[in-house]
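Working notes, structure below.
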Amino acid sequence: MAFLKHIGKNGDRKVVVIFREIPGDEHMCLVIYPDVLPTHIHNPLMTILESAVGQQSENLADALNRNLLPDGRNALQVLHSERMMKRVRTDQVLLTPNSRSTVKLSELNDILNQMSKGADAVKKMADIDGASGIVDPKTKRAAEAAFKNEQKEKYEAVQTGYSAAPIDSALDDKSLAANMLAQAKRMETEATSMINEAARMKKEAEKMFPGVIAKAAPTTVTETVKTTAKRGRPAKAKAVVNATE
């Protein structure tokens, strides 16, 4: 069974880690709950996560910022603008690099941030990599010392143009649920609009060429309609044939 980077658990809930740590607030990370994402966002996001680029990225945010959703929008900016990310303590996120071991995100962050400071940290990282599929430390960028500054710049860049929904205001479970409900209602409204438009087009087609609907789809639907039964007598039934408008 293949184990993937960036996937873990917060309590009993599956999470995907977008930012391993928040610049200036390193004990916190940003995650999403993939199981509650709309399908049109969940599926392409998981494709990005499972790709070579996604698995080689220190932060999944890097890969998301380089990819677009099927509708042409930037994947990372959609998660941000739709307020789908949540702040969680790094010591409350448990990663499972393989079937035999687990590691807290806070511990992994400490190792990654100390890699340039000594051979012991590099050795610890190599031990985890050997079982988890994380990129071999030898292939990592030589400029590890500048890594945090680079991540801070990328983190701040995500917020540009989205002052109305800053990442620091990532939502709690109640707000996430409310956001999902709002999306569902919007989808219902769009579906109703499409149905109404289809009905209008049918009427226009009938006006343009009377009888076209009946010729195109001759259907007779019979339904049983129960009449009000008198006391002591069984209900009667009659056939009703739908007429084409």
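The values are calculated or read from the model by the stated rules, or taken from the named source; none is laboratory data. What you are looking at is a predicted structure, and each value in this text was computed from that prediction instead of being measured. Backbone-built Cβ (ideal geometry, glycine too); neighbour counts: all protein chains shown.
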- prompt: What are the residues in the stretch 37-95 that are among the small types (Gly, Ala, Ser) and touching a Lys or Arg at 6+ places or on another chain (Cβ under 9 Å), if any?
  reply: 54, 57, 61, 75, 81
message: Taking the condition of being among the small types (Gly, Ala, Ser) and either part of a helix (DSSP H, G or I) or modelled with pLDDT of 85 or more (or both), how many residues in the stretch 100-123 meet it?
response: 4
- line: In the stretch 1-24, anything without any contact (Cβ under 8 Å) to a residue 60 or more places away in the chain and at negative phi is listed as 12, 13, 14, 16
message: Given the condition modelled with pLDDT under 95 and more than 27 Å from residue 110 (Cβ to Cβ), answer yes or no: does some residue in the stretch 1-11 qualify?
response: yes
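Residue-wise test of (1) among the aliphatic types (A, V, I, L, M); (2) touching a residue at least 40 places away in the same chain (Cβ under 8 Å); (3) surrounded by fewer than 20 Cβ atoms within 10 Å (Cβ to Cβ); (4) assigned to a helix (DSSP H, G or I).
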| position | (1), (2), (3), (4) |
| --- | --- |
| 29 | no, yes, no, no |
| 35 | no, no, yes, yes |
| 41 | yes, yes, no, yes |
| 44 | no, no, yes, yes |
| 49 | yes, yes, no, yes |
| 61 | yes, yes, no, yes |
| 66 | no, no, yes, no |
| 72 | no, no, yes, no |
| 78 | yes, no, yes, yes |
- prompt: When residues of the stretch 175-196 are filtered for being among the β-branched types (Val, Ile, Thr) and touching a helix residue (DSSP H, G or I) at 6+ places or on another chain (Cβ under 9 Å), how many remain?
  reply: 0
query: In the stretch 54-101, how many are farther than 24 Å from residue 177 by Cα and β-branched (Val, Ile, Thr)?
result: 1
message: Residue under question is residue 30, and the condition is that it be of a type in the set (A, V, I, L, M), under 20 Å from residue 179 (Cβ atoms) and in contact with a Phe, Trp or Tyr (Cβ under 6 Å, 6 or more places away or on another chain); does it hold?
response: yes
